[in-house]
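This report refers to the structure that appears directly beneath it.
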Amino acid sequence: MAKKSSNKKKAKIKSRPAPKPVQSPKQRRMGYLVLLLLLPIAGGIIYSTIPSKPKVGPQFIKEGELQFLLAERDSIVEEIDIEIADTPDTRTQGLMWRRSMEDNQGMLFIMEENEPQSFWMLNTYISLDIIYVNEHKEIVSIQANTTPQSTQSVPSGAAAKYVVEVNAGFAAEHGLEVGDRIDW
């Protein structure tokens with residue numbers, strides 16, 4: 001007896017994809033809400049890792065050059081770059097909010113009248129030498145090493161038309177004295 005061979009092909013078994021879980025509208029809304037909450041958090045994390053510039057206050061803007069001259073010889077002792085404060089707003093602002101200033105920089109205040117002047121250091125973070133100068137451009141007073149952020153008055157002690165603010169110690173370092181002059 002002979003065996004019958006089966007010509008029938010084996011039926012292919014097709015695998016069906018697993019049925020997708022059905023999300024209710026409530027679950028879908030919750031998913032969107034979670035996504036909306038995670039986006040700002042991720043943005044904040046990324047933003048916080050970006051390096052930022054240190055806060056240094058207003059930046060110096062060179063508007064001229066000023067020379068300090070010895071009284072007896074009119075020879076230049078030192079020259080600095082200056083910002084000019086010649087309006088009520090710029091005189092009021094002065095060097096407030098600055099965190100630093102280069103050794104060769106300063107601010108020249110041009111006042112309305114040649115009269116006794118007085119400054120204070122409110123919101124000024126760096127110690128300054130305040131140099132008061134009369135209408136003939138002669139130094140009449142040097143108030144050295146002022147106290148940062150102080151509301152104490154720093155008077156000229158004499159009539160002054162101009163005021164130069166430089167880093168504390170500048171006047172002593174360059175041997176400036178009453179009677180020396182400035183020019184710009």
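The values are calculated or read from the model by the stated rules, or taken from the named source; none is laboratory data. This is a predicted model, so every value here is computed, not measured. When we count neighbours, we look across all protein chains shown, and the Cβ atoms used for this are built from the backbone with ideal geometry, even at glycine.
This table checks each residue for (1) within 19 Å of E63 (Cβ to Cβ); (2) not in a strand (DSSP E or B).
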residue: R98; (1), (2): yes, yes
residue: E115; (1), (2): no, no
residue: G157; (1), (2): no, no
residue: K161; (1), (2): yes, no
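Considering only residues of the range 163-184 that are in a helix (DSSP H, G or I) and among the hydrophobic types (A, V, I, L, M, F, W, C), which is farthest from A71 (Cα to Cα)?
F170
When the range 119-150 is examined, which residues are found to be buried (at least 21 other Cβ atoms within 10 Å of the Cβ) and hydroxyl-bearing (S, T, Y)?
T124, Y132
Please identify the pairs in which a residue from the range 141-164 that is over 17 Å from G94 (Cα atoms) and without any contact (Cβ under 8 Å) to a residue 60 or more places away in the chain has its Cβ atom under 8 Å from the Cβ atom of a residue that is of a type in the set (D, E, K, R) and in a loop (DSSP other than H, G, I, E, B), counting only partners at least 6 apart or on another chain.
Sorted first by the residue in the range 141-164, then by its partner, the pairs are I142/E177; A159/E135.
So which pairs qualify, if the first residue must be in the range 23-46 and at pLDDT below 80, the second must be part of a helix (DSSP H, G or I), the Cβ gap must be under 8 Å, and the two must be at least 6 apart or on different chains?
Pairs found: Q23/G31.
Would you check if R73 is at pLDDT below 85, under 30 Å from G179 (Cα atoms) and of a type outside the set (A, V, I, L, M, F, W, C)?
When the stated conditions are applied, R73 passes them.
Looking at the range 147-174, which of its residues are over 20 Å from I84 (Cα atoms) and either at pLDDT below 95 or of a type in the set (S, T, N, Q) (or both)?
Once the filter is applied, which keeps residues that are over 20 Å from I84 (Cα atoms) and either at pLDDT below 95 or of a type in the set (S, T, N, Q) (or both), the range 147-174 yields T147, Q149, S150, T151, Q152, S153.
Return the residue satisfying two criteria in turn: it lies in the range 66-120 and is of a type in the set (A, V, I, L, M, F, W, C) and in contact with a His (Cβ under 9 Å, 6 or more places away or on another chain), and of such residues it is nearest to S141 (Cα to Cα).
Checking each candidate, the answer is F68.
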